[in-house]
Amino acid sequence: MAIKINYDLCTKCKTCYTRCPEDVFTWREDKTPVVTYPYECWYCGSCYIDCPEGAITMDHPLFMRFVPEPYEYKNKTIIKREY
Amino acid sequence: MKKRLEREIINCDLLVVGAGLAGCMAAIKGADQGLDTIVVEKANAYRSGAASTGVDHIWAHFPEIQGPIGYTAEDLIEDHMDKVGGMIHEDLLRTITLNALDRIHDLEKMGVKVRYEDSKLPGGYILVRQIHSVVNTLNFDGRDMKIKMTKEMKKRGAKIINRVMITGLLKKDGVVIGAVGVGTRNKKLYIFKAKAVIMSTARISGGRMFNEPGPGAGTSFNVRWPGSETGDGKIAAFNAGAELINLEFSHHRVNFKNFVRGGGLPYNSYSPAGQGINAGGDVIMPQEKDIFENSDNGIYNAPKLKLIDELNQGRGPIYCDLTQGTEEEIKFSEWSLTHEGGGYALLHLMKNAGVDFRTHKLEMGPGEIELGNFGAGGIYVDDKCHSTVPGLFAAGDEMGGVPLGCAPGALATGWYAAEQAEIYIKDNNTAGDVEEETVEQLEALCLSFLEKEDGYKWQDSQIALNRIMSYYATNMKSETMLLRGLENLDYLQNHNDIQATNAHELMRCLEMHNLIENGKLIMQGNLERKESRKIKSAPIQTRLDYPEQNDAEWNCALSQRLSEEGNLIFAKRQFRRG
């Protein structure tokens, strides 16, 4: 969850690691950014906006998402009453 | 041998703590005046603070637009006091009102776009109606303003030190002579010696104080104001003897049900078509252009509470509805949200969910409890942004006294505080030797977390704090509940056996220490203010044992300070009409 890095696109420029206001990234010894503290992400979008390669996407956790309204049930239960 | 943390001593004329909008402006002005200026920031100035990924709206007085209709700056000051209500430091409000437009022009010179070819107004501005009785809130391309301000600070010669958390102020003979902090990526102790300090460390993130379950508790920092805003400046100022005011006030908001950040839809500067509706489709919060016609109860917060009340009346769920809007209005909202904090992430989230303003309603719910905004809690300052301790200034949201000062408040008072600090420095050359005591205290606190074995994680402390605050200090407040709440906070601080295995966790542990101390100040304020109080029908303090507003006793700010002997001193402060 939180932030996903596409390492095929990442050029290791450190922008995400440098700018993150909640310091969720660490810089690994093999010179790549790692999302070490995903639970501290504020979803401000700074890494996503500022990544020059477009290598970052935000993946909001289930509890933060919008349930569309109107919503189309996928598994609606059929109810029959015996009273 | 006693373990020591590595130390670095840094000298400057002016130390600015916190590089949000206020801190950036203070550093720019400080450096511009020739002061050796350092701004120290817990995160990184490029994207730190409440303006992190943008602010799309700033209220101001635009003489070329409001002049012809006879609405003067003094009218705006009156209007603000009337429409927002509450306790307002009039001199500071005047400073903001008279300077906000100049600061907007400063931003423009830094490369922030504030004028538009398709504008129909003099000056090329796009203005909307937000707080006041005239159309005077600028909508603009504010998404990257922090990046531009950071570059400007560097250009003017202010030194930026990122990833250092300031935890205490250094004093000599009753005067502030610097600050001490710790590196959030290197565990180093930083000792700053300065001739004046400006505290621009924001309000407290209400989510980290009250949310349940607590942020970080296997969830996220799903909070409206930055999770890094943990009242560090308030505790440093309080421990240095400064007066803090109105910390007891808090208020409720309506936000998107699951995503707490993401602008203030349905009703705000960026949602001309937004309306708040209940399950039956009844319009509870009318569109912005209609809401001002019925503004007797205060235009800003009361309509939002009315929408939340639909839930209590059995008419929920409640929604933000833009489907009635024209394509032009919706496009405007999408543009301005792109530039408003969290809005960019909100639009990303909507796109992923297949949710569109044109076709979908967005569910709303009671948002996080907010501290400091309408109550205007913070460091008590005079008309020069100078606190009650010589050498300590405050600006932006850290400064108490101006409800809904917001972005113009931060920009104007940051600049103004640096101007006043320069005058103070000229008159008072106060550099002195650093007292070891404050540094030793911080080192001991850091080591207590770093050397703990088999300790709890900081998140345990966060959950405990949130549970205490939401239970004892929200809607069930009474003398006995608050006294019990204070016992709980004292117990928590005395048993706060949390462990830091690295510099990042050390920062979080220190934040928990500060949050618990702030929690005590909030509850002590709640306990002392023996009344319930509303600002324009929106509650900011509710005591079940004192349900009435008591204007005879309490139509004033409540200040708290620590005496030299370590006693808590309460005082009442009046600052209306200067």
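Observations
- Selection of first residues in segment B:56-81 that are within 21 Å of residue B:272 (Cβ to Cβ) and of second residues that are in a helix (DSSP H, G or I) and among the hydroxyl-bearing types (Ser, Thr, Tyr), restricted to Cβ pairs under 6 Å at least 6 apart or on distinct chains, gives the following pairs, ordered by first then second residue: B:56/B:336.
- Selection from segment B:76-100 of residues that are touching a helix residue (DSSP H, G or I) at 6+ places or on another chain (Cβ under 8 Å) and within 18 Å of residue B:395 (Cα to Cα): B:88, B:90, B:92, B:93, B:94, B:95, B:96, B:97, B:98, B:99, B:100
- If the condition is being within 16 Å of the chain's Cα centre (by Cα) and of a type outside the set (S, T, N, Q), then segment B:46-73 contributes B:47, B:49, B:50, B:51, B:54, B:55, B:57, B:58.
- Within segment A:36-61, tally of residues that are surrounded by fewer than 22 Cβ atoms within 10 Å (Cβ to Cβ), aliphatic (A, V, I, L, M) and more than 8 Å from chain B (Cβ to nearest Cβ): 1
- Residue match in segment A:56-70 (condition: without any contact (Cβ under 8 Å) to a residue 24 or more places away in the chain, under 25 Å from residue B:148 (Cβ atoms) and of a type in the set (A, V, I, L, M)): no
- Listed by first and then second residue, the pairs linking a residue in segment B:457-475 that is β-branched (Val, Ile, Thr) to a residue that is assigned to a loop (DSSP other than H, G, I, E, B), with Cβ atoms under 8 Å apart and 6 or more places separating them unless they lie on different chains, are B:463/B:213; B:463/B:214; B:463/B:217; B:474/B:369.
- Reported count of residues in segment B:368-395, each being surrounded by fewer than 21 Cβ atoms within 10 Å (Cβ to Cβ) and more than 30 Å from residue B:12 (Cα to Cα), is 1.
- Within segment B:361-376, the set of residues being over 14 Å from residue B:229 (Cα atoms) and of a type outside the set (A, V, I, L, M, F, W, C) comprises B:361, B:363, B:365, B:366, B:367, B:368, B:375.
- From the list B:396, B:354, the one residue that fits, being of a type in the set (Gly, Ala, Ser) and either away from chain A (no Cβ under 14 Å) or touching a Lys or Arg at 6+ places or on another chain (Cβ under 7 Å) (or both), is B:396.
Quick grid of which residues meet (1) farther than 24 Å from residue B:148 by Cβ; (2) surrounded by 21 or more Cβ atoms within 10 Å (Cβ to Cβ):
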{"position": "B:68", "(1), (2)": "yes, no"}
{"position": "B:75", "(1), (2)": "yes, no"}
{"position": "B:78", "(1), (2)": "yes, no"}
{"position": "B:81", "(1), (2)": "yes, no"}
{"position": "B:88", "(1), (2)": "yes, yes"}
{"position": "B:91", "(1), (2)": "yes, no"}
{"position": "B:104", "(1), (2)": "no, yes"}
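- The number of residues in segment B:316-354 that are of a type in the set (Val, Ile, Thr), surrounded by fewer than 20 Cβ atoms within 10 Å (Cβ to Cβ) and either assigned to a strand (DSSP E or B) or in contact with a strand residue (DSSP E or B) (Cβ under 9 Å, 6 or more places away or on another chain) (or both) comes to 1.
- The criterion of at least 1 residues that are on the phi > 0 side of the Ramachandran plot and in contact with a Gly (Cβ under 8 Å, 6 or more places away or on another chain) is met by none of the strands (runs of 3 or more DSSP E) falling completely within segment B:516-578.
- Qualifying residue in segment B:54-70 (condition: in contact with a Lys or Arg (Cβ under 8 Å, 6 or more places away or on another chain), at pLDDT 95 or above, at positive phi and within 14 Å of another protein chain (Cβ to nearest Cβ)): no
- Only one of the listed residues (B:463, B:498, B:522) is of a type in the set (Val, Ile, Thr), more than 26 Å from residue B:191 (Cβ to Cβ) and at pLDDT 95 or above. That residue is B:522.
- Total residues in segment B:489-515, condition in contact with a helix residue (DSSP H, G or I) (Cβ under 6 Å, 6 or more places away or on another chain), part of a loop (DSSP other than H, G, I, E, B) and more than 14 Å from chain A (Cβ to nearest Cβ): 1
- Among the residues listed as B:290, B:309, the single one being over 30 Å from residue B:95 (Cα atoms), away from every other protein chain (no Cβ under 11 Å), modelled with pLDDT of 90 or more and part of a helix (DSSP H, G or I): B:309
- Tally, over segment A:62-80, of residues that are assigned to a helix (DSSP H, G or I) and surrounded by fewer than 14 Cβ atoms within 10 Å (Cβ to Cβ): 2
- Number of the exception - residue B:229 against (1) crowded, with 24+ Cβ neighbours inside 10 Å; (2) over 28 Å from residue B:366 (Cα atoms): (2)
- Filtered by the rule that a residue be more than 8 Å from chain B (Cβ to nearest Cβ) and either touching a Leu at 6+ places or on another chain (Cβ under 7 Å) or not polar (S, T, N, Q) (or both), segment A:19-35 gives A:24, A:25, A:27, A:28, A:29, A:30, A:31, A:33, A:34, A:35.
- Selection count, segment A:38-61, where residues are part of a loop (DSSP other than H, G, I, E, B) and at pLDDT below 95: 7
- Filtering segment B:189-206 to residues that are closer than 20 Å to residue B:411 by Cβ and either in contact with a Cys (Cβ under 6 Å, 6 or more places away or on another chain) or charged (D, E, K, R) (or both) leaves only B:203.
The values are calculated or read from the model by the stated rules, or taken from the named source; none is laboratory data. Fair warning: this is a prediction, and the values are worked out from it, not measured in the lab. No Cβ is skipped: glycine too gets one built from the backbone with ideal geometry, and neighbour counts run over all protein chains shown.
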